[in-house]
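K.L.:
Pasting in a structure now, in structure tokens, and then I'll have a few things to ask.
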């Protein structure tokens, strides 16, 4: 138990009040057991590790940011908040947070407030000291994690040794890397902070010395030492949810997460990192689900390594360029791709496209005629199939809008 948690528990028990300590952004740092009445906002803060937006706005409206002494925050039945007393936590000129006590009956005495003020002073010393230590440790961790992902094997090996010596990571376990894409929403200024918080929260769900994280300009990285109980997809889901929650007003599906494959040694984390990066990129280009595992990407794992931005449809296969020119709604290209995805199964293809087999045969004949190809040749089918997949990655071929497909079906 941390010194801050011990302090919080002691004050809660001494005053028989529900106590919480937040940082200046009202992210929860510690909280006591419940005493007496508990409101919705306290429960939400404990669940999400941060106060709800309406509670933060209510506190700011009542001068919390500029308070130099204790103040009362009135209750607000509209969003389930009881009255509470707030005490700024300050170390010299530094504002380090708030100590909160629920006081629904407004019955705190001057003596009890004095006890809470002394506790706030003690919390300031703890937070300042822990902040210095944490900053030093985080700086060291970031340096070692950057080296762990370096191109040079010798640098990576040295990073593993450093992580072991500083007891920052369990180096005996296999690892997986999770990448959070922070390119979206591009107009939101708080993406890096929201990413840092979401990964820090994810690490708290892991056993000690099982996670490292780093925030870069357009993505954030979590390295996880895994065991049989690790659930990477669930962890990625929590990261995504926390990131989107931190981007207040940004809307759902702002976060995109990629998961690399498991590697046996920490020194090989760079491979899993590259896979996770590619997974987010491919997922964004193809419009896949917002959580993408590299292992589930099939042929795209190989195609993603090619310089697809420099490859034209004609170079992939001449027939694709011809079909693209003659097939504005994309009906024939889509039909061809479904046909190839299903290994040329006429029955399955017609069912997936919701068309009669006769219509499907007509379309396939038209594809062969326009493209000058034979779909009976395996090498032709392979070249067309790969070309279509590369076309997706490069953005040169996208699947038709459903409305276009319906319109095309009625005219076929």
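K.L.:
Do the conditions hold for residue 101, that is, is it modelled with pLDDT of 90 or more and closer than 24 Å to residue 55 by Cβ?
P.N.:
The answer is yes for residue 101.
K.L.:
Considering only residues that are out of contact with any strand residue (DSSP E or B) (no Cβ under 8 Å at 6 or more places or on another chain) and crowded, with 21+ Cβ neighbours inside 10 Å, which ones fall in region 184-214?
P.N.:
Residues satisfying the conditions are 191, 194.
K.L.:
Which one of these is modelled with pLDDT under 95 and either farther than 16 Å from residue 42 by Cα or not assigned by TED's automatic domain parsing to the domain that holds residue 168 (or both): 114, 123?
P.N.:
Of 114, 123, the one residue that is modelled with pLDDT under 95 and either farther than 16 Å from residue 42 by Cα or not assigned by TED's automatic domain parsing to the domain that holds residue 168 (or both) is 123.
K.L.:
Give region 165-183 a look and list any residue that's exposed (fewer than 15 other Cβ atoms within 10 Å of the Cβ) and either at pLDDT 90 or above or touching a helix residue (DSSP H, G or I) at 6+ places or on another chain (Cβ under 6 Å) (or both), or say none.
P.N.:
165, 172
K.L.:
Anything in region 255-269 that is surrounded by 20 or more Cβ atoms within 10 Å (Cβ to Cβ) and more than 9 Å from residue 175 (Cα to Cα)? List them, or say none.
P.N.:
Residues satisfying the conditions are 255, 256, 257, 258, 259, 260.
K.L.:
If a residue has to be surrounded by fewer than 19 Cβ atoms within 10 Å (Cβ to Cβ), in contact with a helix residue (DSSP H, G or I) (Cβ under 8 Å, 6 or more places away or on another chain) and in a loop (DSSP other than H, G, I, E, B) to count, how many in region 360-392 make the cut?
P.N.:
3
K.L.:
Given the conditions (1) assigned to a helix (DSSP H, G or I); (2) modelled with pLDDT of 95 or more; (3) surrounded by 16 or more Cβ atoms within 10 Å (Cβ to Cβ), and given that residue 45 satisfies all but one, which numbered condition is not satisfied?
P.N.:
Among (1) assigned to a helix (DSSP H, G or I); (2) modelled with pLDDT of 95 or more; (3) surrounded by 16 or more Cβ atoms within 10 Å (Cβ to Cβ), the lone unmet condition for residue 45 is (2).
K.L.:
Only residues that are in contact with a helix residue (DSSP H, G or I) (Cβ under 8 Å, 6 or more places away or on another chain) and within 25 Å of residue 247 (Cβ to Cβ): list them for region 31-43, please.
P.N.:
31, 40, 41, listed by residue number.
K.L.:
Return yes when residue 21 is assigned to a strand (DSSP E or B) and in contact with a strand residue (DSSP E or B) (Cβ under 9 Å, 6 or more places away or on another chain) and no when it is not.
P.N.:
yes
The values are calculated or read from the model by the stated rules, or taken from the named source; none is laboratory data. Please read all numbers here as calculations on a predicted model, not as lab measurements. Quick reminder, even Gly has a Cβ in these numbers, built from the backbone with ideal geometry, and neighbours come from all protein chains shown.
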